[in-house]
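Everything below concerns the one structure shown next.
The values are calculated or read from the model by the stated rules, or taken from the named source; none is laboratory data. Keep in mind that this is a model prediction, so the values were computed, not measured. In this analysis, Cβ positions are derived from the backbone assuming ideal geometry, glycine residues included, and neighbour counts consider all displayed protein chains.
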Amino acid sequence: MSLKLSARQQAQLAYLERLPPRIQKLQATIEQMAGGQADDVTVRQLIRACDEIKAGAAQLGINALADAAGGMASMGRRGGGMQVKVRGLRDLLASVKHSFDAAMKKATTEESDHEPG
């Protein structure tokens, strides 16, 4: 049986299917930061990637993912010690992954024909 997804769900699913490699890249960058191997250019790339994920998710109405990615970008821009930044980024990455999983579930679940209200 094939799923009957709305146009919005299809657009969200197409976007979400492209995210796992980017999320893995974010995780690898955070681990580089933790090991002291990341320079300023690498951190700026992480921030840019988070901003792009935020923009794409917000455009498609995936607000939880957009908020989590925006939080990661803000944490990346913060001053202060690298270890504090790494700890915050790891926590926020877990939030991004959780939001991604929830968005995938919502995008792949058929919407009911009758909306409440």
| Take the residues of the range 45-58 that are more than 12 Å from GLY70 (Cβ to Cβ) and free of Cβ contacts under 8 Å to residues at least 24 places away in the same chain: which is nearest to the chain's Cα centre (by Cα)? | ARG48
| request: Identify, from the list GLU111, GLU52, the residue that is at pLDDT below 95 and among the acidic types (Asp, Glu). | output: GLU111
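Restricting attention to the range 11-41, which residues are at pLDDT below 90 and surrounded by fewer than 16 Cβ atoms within 10 Å (Cβ to Cβ)? Give the derivation first.
First, the residues of the range 11-41 that are at pLDDT below 90: 36-40.
Correct list: GLY36, GLN37, ASP39, ASP40.
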| query | Inside the range 59-103, can you point out the residues that are crowded, with 18+ Cβ neighbours inside 10 Å and either free of Cβ contacts under 8 Å to residues at least 12 places away in the same chain or closer than 22 Å to ALA14 by Cα (or both)? | reply | LEU60, ILE62, LEU65, ALA66, ALA68, ALA69, GLY70, LEU93, VAL96, SER99, PHE100, ALA103
